[in-house]
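Undergrad: Here's a structure for you.
The values are calculated or read from the model by the stated rules, or taken from the named source; none is laboratory data. Just so you know, these numbers come straight off a predicted model, no measurement behind them. We place every Cβ from the backbone using ideal geometry, glycine too, and count neighbours over all the protein chains shown. Accessible surface areas use protein heavy atoms only, side chains included; no ligands, DNA or RNA. Shrake-Rupley method; radii C 1.70, N 1.55, O 1.52, S 1.80 Å.
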Amino acid sequence: MYFKSRMAAGRQIAAKLAPKYRYENCAVVALSDGAVLVGAEIAKALHCVLTMLLTEDIKLPGELNALAVIDQDGKFTYNNMFSTGQLEAFAGEYHGFIEQEKRVKIHNMNKLLGGGGLITRDLLYGHNVILVSDGLNSALSLDAAVAYLKPIRIEKTIIATPTASVPAVDRMHLLADEIVCLDVIENFMSVSHYYENNKMPSHEKIVQTIKDIVLAWQ
């Protein structure tokens with residue numbers, strides 16, 4: 001399935017969620033800048049807050065798949081596609097490299113966040129939390145988001161994405177109470193492959209979209 005834009009995909013997801021959640025306490029958590037464009041359409045339709053959890057992949061030299069992901073608070077989540085033995089070996093051999101990458105990634109996210117974060121746990125407490133991506137080749141960002149949510153009492157964890165790979169969907173079933181995925185793709189290409197329009201606003205405009213979401217409620 002191909003979409004005209006991330007906004008168009010978001011409107012399709014919103015149409016599926018609105019009948020059930022329009023009058024429930026919900027909060028949308030976007031997992032990337034692209035996900036904000038999808039999530040904004042959902043937040044508009046549900047009249048709910050839109051937030052963003054920043055994460056960065058950590059990759060070892062020569063490895064295509066990320067070893068782990070780190071969020072803006074410094075929480076480190078390993079990729080479950082690796083076995084315990086592999087993770088222990090990597091952690092021993094690349095300890096110095098991993099620690100340096102953590103510092104670099106945290107610094108990068110702090111620069112993007114500027115004066116403050118885009119998400120607070122108070123906004124999520126007691127809500128149906130909708131984790132939104134603009135496409136999932138793996139579930140690593142979801143693992144990080146679920147780890148972030150773990151200390152918070154929420155009603156439901158809902159995962160919403162226009163596209164996802166088969167392994168990502170398998171993982172989603174373990175992590176979420178409910179899933180909205182418009183297309184499950186066996187041979188997943190890059191996320192941008194499934195959008196006709198891939199023009200992305202600046203990060204500053206993305207942040208402004210989050211701040212202005214209440215003004216856009218339908």
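Undergrad: Accessible area, 1.4 Å probe, largest first: how do D177, D57 sort?
TA: Most to least solvent-accessible, the answer reads D177, D57.
Undergrad: Longer than 29 Å from Cα to Cα, which of K16/K59; K59/K150; K16/K111; K44/K156; K16/K102; K102/K205 are they? Say none if no pair is.
TA: Going by Cα-Cα distance, K16/K59; K16/K111; K16/K102 fall outside the 29 Å limit.
Undergrad: Now for a separate question. What does the charge add up to near A144, with Lys and Arg as +1, Asp and Glu as -1, over the other residues with Cβ less than 9 Å from its Cβ?
TA: -1
Undergrad: I would also like to ask the following. Pull up the cross-link candidates among the aspartates and glutamates for K4, meaning alpha carbon to alpha carbon under 20 Å and not fewer than 8 places away within one chain.
TA: Those aspartates and glutamates meeting the cut-off are D33, E41, D134, D183, E196.
Undergrad: Work through the residues other than F3 whose Cβ is under 13 Å from its Cβ and net out their charges, Lys, Arg +1 and Asp, Glu -1.
TA: -1
Undergrad: Which whole-angstrom value gives the distance between the alpha carbon centres of segment 1-15 and segment 98-168?
TA: 21 Å
Undergrad: Tally the DSSP beta bridges in segment 62-163 and give the antiparallel ones as a percent, rounded to 5.
TA: Within segment 62-163, antiparallel bridges account for around 40 percent of the total.
Undergrad: For the chain, the longest stretch holding no GluC sites (Glu not before Pro) located in a DSSP loop with at most 16 other Cβ atoms within 10 Å is which?
TA: Within the chain, the longest run free of exposed GluC sites (Glu not before Pro) spans 64-154.
Undergrad: What do you get for Rg/Rh of segment 99-196 when both radii come from the Cα atoms and Rh is the Kirkwood radius?
TA: 1.01
Undergrad: Could you pull out the chymotrypsin sites (Phe, Trp or Tyr not before Pro) across segment 119-191 that fall in loop regions by DSSP (anything but H, G, I, E, B) with no more than 16 other Cβ atoms inside 10 Å?
TA: Sparse-neighbourhood loop chymotrypsin sites (Phe, Trp or Tyr not before Pro): Y125.
Undergrad: Given N residues in the chain, what is its alpha carbon radius of gyration divided by 2.2 N^0.38 Å?
TA: Normalised Cα radius of gyration, the chain: 0.99.
Undergrad: Add +1 for every Lys or Arg and -1 for every Asp or Glu among the other residues with Cβ under 13 Å from the Cβ of P162, and state the total.
TA: Surrounding charge for P162 is 0.
Undergrad: I would also like to ask the following. For segment 81-163, what is the charge dipole size about the Cα centre, in debye to the nearest 20, if Lys and Arg each add +1 at the Cβ and Asp and Glu each add -1 at the Cβ?
TA: Computed about the Cα centre, the dipole is about 280 debye.
Undergrad: Here's something else I'd like to know. Could you check which residue among G62, G85, G126 shows the biggest mean-square fluctuation in a GNM of the chain with a 10 Å Cα cutoff?
TA: Answer for the Gaussian network model of the chain: G62.
Undergrad: Under 5 Å between amide hydrogens, which residues at least 5 positions from F3 or on another chain qualify, with H placed 1.01 Å from N in the peptide plane?
TA: When sequence neighbours closer than 5 places are left aside, the close amide H contacts are Y195, E196.
Undergrad: Using a simple charge model, +1 on the beta-carbon of Lys and Arg, -1 on the beta-carbon of Asp and Glu, nothing else, what dipole does the chain show about its Cα centre, in debye to the nearest 20?
TA: Value, rounded to 20: 660 debye.
Undergrad: Relative contact order, percent, of segment 85-218 when contacts are C-alpha pairs under 8 Å separated by at least 6 residues?
TA: It comes to 20 percent, rounded to a whole number.
Undergrad: Of G74, P19, V166, which is farthest along the charge dipole of the chain in the positive direction, counting Lys and Arg as +1 and Asp and Glu as -1 at C-beta?
TA: Farthest towards the positive pole: P19.
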